[in-house]
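The block underneath contains the structure these notes are about, expressed in structure tokens.
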Amino acid sequence: MSLPAQPPAAAAAGTAARGLRAARARQPRADGEPQHAHSRGQIMAVRVIAGMVILAIWQFGAMAFAPAYIPRPSRTITQIPGVLSDQQFLSGTASTLLAILEGLLIAVVIGTVIGLIMGRLRDVDRALRLYVNSFYAMPIVALVPLLTVWFGYTPNARLAIIVIEATLPIVFNVAEGARSISGSYEDVARTYRAPWWRVWTGVALPASLPYLLGGLDLAIGRALIGAVVAEFIAGLNGIGYYILFNVRSFHQDDAVVAVCVLIAFALVLRALINLAVRRGLPWYRAA
Amino acid sequence: MTESAPEAMIRIDRLTKRYGERAVLQDVSFDVAPGEIVSVVGPSGCGKTTLLRSIAGLAPPSEGSVSIAGREVTEPAEGVAVVFQHFGLFPWKTVFGNVAYGLTVAGMRRKDAEPRVRQLISLVGLEGFEKSYPYQLSGGMQQRAGLARALAIEPRVLVMDEPFASLDAQTRDLLQLELLRIWEQRPTAMVFVTHSIDEAVLMGDRIVILSGRPSHVHDIVDVGIGRPRGREVVDSERFRVVRDYLWTVVMSNGAGQSRPGSADEVTRAGDPPSAESAEGPGPI
Amino acid sequence: MTQPRPSTPGSPAPGSPAPGSPAPGSPAPAARRRRLRAPTGRWRAVLAYAVGLAGGVVVWQVLGSHSSSEVFVSLSATLSRLGQLISDGSLQSALTASFSVYAVGVALAIVTGAAGGLLFARRALLRLALEPYLIALYAAPMVALIPFLLALMGFGFWPKVIVVWLFAYFPVQFNTQRGAQSIAPELIDVARSFRTRERDIWLHVAIPYTLPYLMTGVRQALARGLVGMIAAEFFLSATGLGSLLIIASERFDTAEMLAVTLVITLVGVALMAIGRLIEARFARWRVQQ
């Protein structure tokens, strides 16, 4: 005797998930022990200690096993003030930074426009899909040599690669965002007789913003890679080139400082994006 | 307790469970006879689930003990099967794989397990869905699979943690009766935790009422309705009486409220019915 | 049509879909399709794709024919150069060289990344202590480390493999870790209630649960590893697709550059498709989100 069974998958998933969440909310923890949160101080301490251990391993490993020119923490740290006041470093860093920001800005504008168009106009989306997907799938750095032929060994080549690298994820994400706007928002706009451009700016654009920022997040990483590769190949003044130059001239510790600055740069930019999301889009909640 | 009284299948003796400083269960004691269903009710958050986890061996007692067939339980015991509120099916296993899980993990080969697994799958009404994944099943179907999985190991003790709480009302009604029907074929000692009073009365032979913080046994009630039970039980006089009593006790704030007049009609049952006085429903 | 998935902010792993984001794919039930017209709609779609493809071809051909060959060449010229590269074997040897580096590097990254992810998921102390450093490394542009590798190890196979590994490792570790960490304790409960031994919990619960996450990491690693491979070949190599590009650029041989770029694009598309297939195959049991 079996009862007819209808499997509404979505409902089932929701049901099970609800049950799970409720169960989890009630239980202290699976093994019955209460969770103790570590205090912030404790966490910080553990991390600092871990950092020191890493530095120590690096230091002694380098001293014991590696040739003398290999960077080690003792020298790297002492070089920091020197590097930070080095004219070449400062101008290079500024150059790269400005190129990134400029490139990102251009990419945001171009990417948003194309993305919105693709998201809203199905036909354009289909026509351009092939190219967007192909470019997204390929390693964009492969274009750098070509760009150096077109732009020469000039900062324009670097700017070009940054723009291309950054535009793609933005187009991609904005298109997805614009496309997935619930029809009900559109209906609301229509019942208020909003003209098409208002729908675009008033509904499509704000709804796409979280996606835009997500794309920007991705774009930063890619842009940095492109910039460094361009600087390497074209010998442009920049933080990437500074690294290359100093490694080649056996000032590897200086180069390490520059790498750390580069990483810090990447982290700060991404943190800014996250901040922008939290502050500027309070209505958007990530799970 | 006389010599000819059947040994309790589950004995919970002054069970106390603490998490850190906070006691969740305090001095809980009751027995479950072989082939008896004991429902456990109480307000939300009163530790019913903790009690179950102690029986299932997932949460060792802070004080007191839980014994199954005479052996003390500190870790998951043999012959104990749990049915979870959240179904707990492994999403990456098919229905077959899930139902067979208890057997697989005990070392049985798939070929040997197959006949029993298939039989159980059809027993719970999931024939044809052996190869489906949990995400393809409704909540009710998932819980049927959970039940089949529990039964597959031919347990001596069934532990049910609000098994139907995550289901819609209709499915729940259906599955309650399904469970009773299936249970009838092989009556097993069962502890059935629920926050639904109706469900507790429908399912149980006796009802343990937990209340207070920390929870203790406020009362144990003899349901006094015979088996097999069907849908019609819900309309019976006895059902109404027991239900009303429970409602008043459980729904009033906290423990220690005075019992209403109808209390006289409802029995307090501290021990499982002994073989000598097996007279059916009525005061012991 | 399969596509890579967009990312939304707040997701720790850029490039992977964020759960609960404004629903790429699970919109409010009211999401409507715009004016669905049955047969015409289909033809219209095909037409749109065709127009896009044709447009690209035409633009390429026209632009190429009207520019000097140092700047741009036509599609036909590109394809004929590609034919040349194939017939004289240089494309094949470049592909072989590139792919041996790539395969070894990515394979190592997957193995070590999975292990690392599981390790970090299990050892809370390790995770807590090293998390900020790992995040920093994940965000770091690994290209910047190439000069150091060049100085340390020179040209060759292994330096390139290391670069590919550097690019591909972190997405694998990150995603695996995320998966292993997120195993619902309820499922462990279930396993324990059936008296499952520790080893079997790994086999029956932890690993199957984590596998789809690992595959997401693999998909990302495939893409990132490719970038690493090309970058490594720019600087650490005399063989491979990347070095073909560099050499051609020094000769201003745009036809060759375009031909090789085309090949790289095809490779990239193929890898992405494989990555997505693998990911989907292992995510079969996941609730559609």
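The values are calculated or read from the model by the stated rules, or taken from the named source; none is laboratory data. Just so it is clear, the structure is predicted and the values come from calculations on it, not from any experiment. Here Cβ is always computed from backbone atoms with ideal geometry, including for glycine, and neighbour counts include all displayed protein chains. Surface areas here come from the heavy atoms of the whole protein model, side chains and all, with no ligands, DNA or RNA. Shrake-Rupley method; radii C 1.70, N 1.55, O 1.52, S 1.80 Å.
To the nearest 20 Debye, how big is the dipole of chain B about its Cα centre, given +1 on the beta carbon of each Lys and Arg and -1 on that of each Asp and Glu?
Using Cβ point charges on Lys, Arg, Asp and Glu, chain B gives about 1040 debye.
Which of A:HIS251, A:ALA219, A:TYR153 sits farthest toward the positive end of the charge dipole of region A:75-286, with +1 on the Cβ of Lys and Arg and -1 on the Cβ of Asp and Glu?
The listed residue farthest towards the positive side: A:ALA219.
Based only on Cα atoms, what Rg/Rh ratio does region B:54-192 have, Rh being taken as Kirkwood's radius?
Expressed as Rg/Rh, it is 0.97.
Nearest 100 Å², what total accessible surface is buried between chain C and chain B (probe 1.4 Å)?
Chain pair C/B: roughly 2100 Å² of buried accessible area.
What does the accessible area per residue of chain B come to in Å², with a 1.4 Å probe and no ligands, DNA or RNA counted?
41 Å²
Can you tell me the FRET efficiency between C:SER182 and A:TRP197 if r is taken as the Cβ-Cβ distance and R0 is 41 Å, rounded to the nearest 0.05?
0.40
What residues have an amide H closer than 5 Å to that of B:VAL40, excluding those fewer than 5 places away on the same chain, when H is modeled at 1.01 Å from N in the peptide plane?
B:PHE192, B:VAL193, B:THR194, B:VAL208
Computed over the Cα atoms of region C:33-168, what is the convex hull's projected area averaged over all directions, in nm²?
16.0 nm²
Over region B:1-124, what portion of Cα pair distances is larger than 17 Å, expressed as a whole percent?
The calculated P(r) of region B:1-124 puts 66 percent of pairs beyond 17 Å.
Mind checking region A:193-260 for chymotrypsin sites (Phe, Trp or Tyr not before Pro) that DSSP puts in a loop (not H, G, I, E or B) and that have at most 15 other Cβ atoms within 10 Å?
A:PHE250
Where is the GNM fluctuation largest for chain C (alpha-carbon springs, 10 angstrom cutoff): C:SER74, C:SER87, C:SER243?
Of C:SER74, C:SER87, C:SER243, the most mobile in the Gaussian network model is C:SER87.
In chain B, with Lys and Arg counted as +1 and Asp and Glu as -1 at Cβ, which of these residues, B:SER252, B:PRO115, B:VAL191, has the Cα nearest the positive end of the dipole, that is, farthest along it?
B:PRO115
Quick one: how many lysine pairs in chain B have C-alpha atoms under 30 angstrom apart, if they're 8 or more apart or on different chains?
Pairs that pass both the separation and distance tests number 5.
How far apart, in nm, are two points set 7 Å out from the Cα along the Cα-to-Cβ line at B:SER44 and at B:GLU232?
Simple spin-label model gives 3.7 nm for this pair.
From the square roots a ≥ b ≥ c of the eigenvalues of the alpha-carbon gyration tensor of region A:77-196, which class results: rounded (a/c under 1.5), prolate (a/b over b/c), or oblate?
prolate
Quote the total accessible area buried by chains B and A together, excluding ligands, DNA and RNA, probe 1.4 Å, nearest 100 Å².
For chain B against chain A, roughly 1800 Å² becomes buried.
For region B:112-195, what is one quarter of the convex hull surface built on the Cα atoms, given in nm²?
For region B:112-195, the mean projected area of the Cα convex hull comes to 5.7 nm².
At a probe of 1.4 Å, how much accessible area disappears from chains A and C on forming the pair, both sides counted, to the nearest 100 Å²?
For A against C, buried area totals roughly 6500 Å².
HN-Hα J couplings of region A:106-117 from phi, Karplus 6.51/-1.76/1.60, θ = phi - 60°, integer Hz, Gly and Pro as x?
4, 4, 4, 5, 4, x, 5, 4, 4, x, 5, 4
As an exercise, use a Förster radius of 60 Å and the Cβ-Cβ distance of C:SER76 and B:ARG71 to find the FRET efficiency, rounded to the nearest 0.05.
0.10
Starting from the Cα of C:SER68, move 7 Å in the Cα-to-Cβ direction to define the label point; list residues of region A:145-160 whose amide nitrogen is under 12 Å from there.
A:150
Determine, at each q value in 0.14 (inverse angstroms), the log₁₀ of I(q)/I(0) that the Debye formula gives when each Cα of region A:75-286 is one equal point scatterer.
-0.87
Accessible area drop of at least 30 Å² (1.4 Å probe, protein heavy atoms): which residues of region C:190-208 qualify, relative to the chain alone?
Residues passing the criterion (a loss of at least 30 Å², heavy atoms only) are C:VAL190, C:ARG192, C:SER193, C:PHE194, C:ARG195, C:HIS204.
Past the 36 angstrom mark, what percentage of all C-alpha to C-alpha distances in chain C do you count?
32 percent
Evaluate 2.2 N^0.38 Å with N set to the residue count of region B:91-154, then give the Cα radius of gyration divided by it.
0.97
Name the residue from B:THR94, B:SER211, B:GLN143 whose Cα lies farthest towards the positive end of the charge dipole of chain B, charges +1 on Cβ of Lys and Arg and -1 on Cβ of Asp and Glu.
Final value for the positive-end residue is B:THR94.
Grab the eigenvalues of the alpha-carbon gyration tensor for chain B, scale each by 5, take roots, and send me the semi-axes largest first in whole angstrom.
The answer is 31, 21, 19 Å, longest axis first.
What accessible area per residue, rounded to a whole number of Å², is obtained for region A:193-283 using a probe radius of 1.4 Å?
Using a 1.4 Å probe on heavy atoms only, each residue of region A:193-283 averages 41 Å².
Please give every one of the aspartates and glutamates within straight-line cross-link reach of C:LYS160, meaning a C-alpha to C-alpha distance under 16 Å, and leave out same-chain neighbours fewer than 8 residues apart.
Once the sequence-local aspartates and glutamates are set aside, what remains near C:LYS160 is C:GLU233.
Can you list the residues, at least 5 places off or on another chain, whose amide H is less than 5 Å from the amide H of B:GLN85, using H built in the peptide plane?
B:ASP161
Taking every Cα atom in region C:88-192, find the radius of gyration and the maximum pairwise distance Dmax, and write them in Å.
Calculated on Cα positions, Rg and Dmax stand at 17.7, 63 Å.
Roughly speaking, what % of Cα-Cα pairs in region A:211-279 are separated by over 19 Å, rounded to a whole number?
41 percent
Would you mind getting me the FRET efficiency between C:ALA238 and A:TRP150? Use the beta-carbon distance for r and R0 = 25 Å, nearest 0.05.
About 0.50, to the nearest 0.05.
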